[in-house]
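The values are calculated or read from the model by the stated rules, or taken from the named source; none is laboratory data. Keep in mind that what you see is a predicted model, and the values were worked out from it rather than measured. Here the Cβ is made from the backbone with ideal geometry for all residues, glycine too, and neighbour counts use every protein chain on show. Just the protein is used for accessible areas: all its heavy atoms, side chains included, with ligands, DNA and RNA removed. Shrake-Rupley method; radii C 1.70, N 1.55, O 1.52, S 1.80 Å.
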Amino acid sequence: MSSEYETTRTKYMINILFWLRVTLAVMGGIVATFIFDSIEGEDRRWASIAFMIILFIVSIGIAKNMKMRLPRSDRKKLVTTGIGSYVFLYLFSWIVSYTIVNINGNESGIAIPFP
């Protein structure tokens with residue numbers, strides 16, 4: 001009975017970790033649009049990528065503090081859970097929010113991609 005409870009609790013905590021990383025990625029991408037606005041060119045891109053990595057490391061710290069009882073063979077789940085979704089959602093939300101903030105449209109408000 002205790003084993004079943006621990007298994008269910010671990011799955012629940014891993015699910016929480018996944019959604020935490022998804023939320024952190026979307027919020028981080030939007031925040032990166034504004035905090036790196038003053039940086040120009042290639043440096044903005046590298047600053048945002050460094051920010052993404054820092055946020056991911058913070059999420060690993062949060063995962064370690066969640067007190068999940070994982071077997072030694074599953075410890076890598078703290079790092080690998082949601083990493084693909086995290087990276088792609090961070091980049092997607094950063095690009096979309098940057099595009100929306102820096103849109104240059106005509107009077108109709110519709111953006112023209114080519115001048």
### Task
Test Met52 against the criterion of being open to solvent by less than 70 Å² (accessible area, probe 1.4 Å) and more than 15 Å from the chain's Cα centre (by Cα), and give yes or no.
no
### Task
Would you confirm whether any residue within segment 10-31 is small (Gly, Ala, Ser), modelled with pLDDT under 90 and touching a helix residue (DSSP H, G or I) at 6+ places or on another chain (Cβ under 8 Å)?
no
### Query
List, please: which pairs have Cβ atoms under 8 Å, are six or more places apart or on different chains, and start with a residue in segment 32-53 that is among the aliphatic types (A, V, I, L, M) and end with one that is assigned to a loop (DSSP other than H, G, I, E, B) and open to solvent by less than 40 Å² (accessible area, probe 1.4 Å)?
Ala47/Phe36
### Task
Within segment 37-53, track down each residue that is over 16 Å from Phe92 (Cα atoms) and either polar (S, T, N, Q) or in contact with a helix residue (DSSP H, G or I) (Cβ under 6 Å, 6 or more places away or on another chain) (or both).
Ser38, Ile39
### Task
Working only within segment 59-78, note down all residues that are part of a helix (DSSP H, G or I), free of Cβ contacts under 8 Å to residues at least 60 places away in the same chain, in contact with a helix residue (DSSP H, G or I) (Cβ under 8 Å, 6 or more places away or on another chain) and open to solvent by less than 100 Å² (accessible area, probe 1.4 Å).
Ser59, Ile60, Ile62, Ala63
### Odd one out for Asp37, checked against (1) outside any helix (DSSP H, G or I); (2) open to solvent by less than 70 Å² (accessible area, probe 1.4 Å)
(2)
### Task
Find all pairs meeting these conditions: Cβ atoms under 7 angstrom apart; at least six residues apart or on different chains; first residue within segment 86-105 and over 14 Å from Ile49 (Cβ atoms); second residue at pLDDT below 90 and open to solvent by 80 Å² or more (accessible area, probe 1.4 Å).
Gly105/Ile112
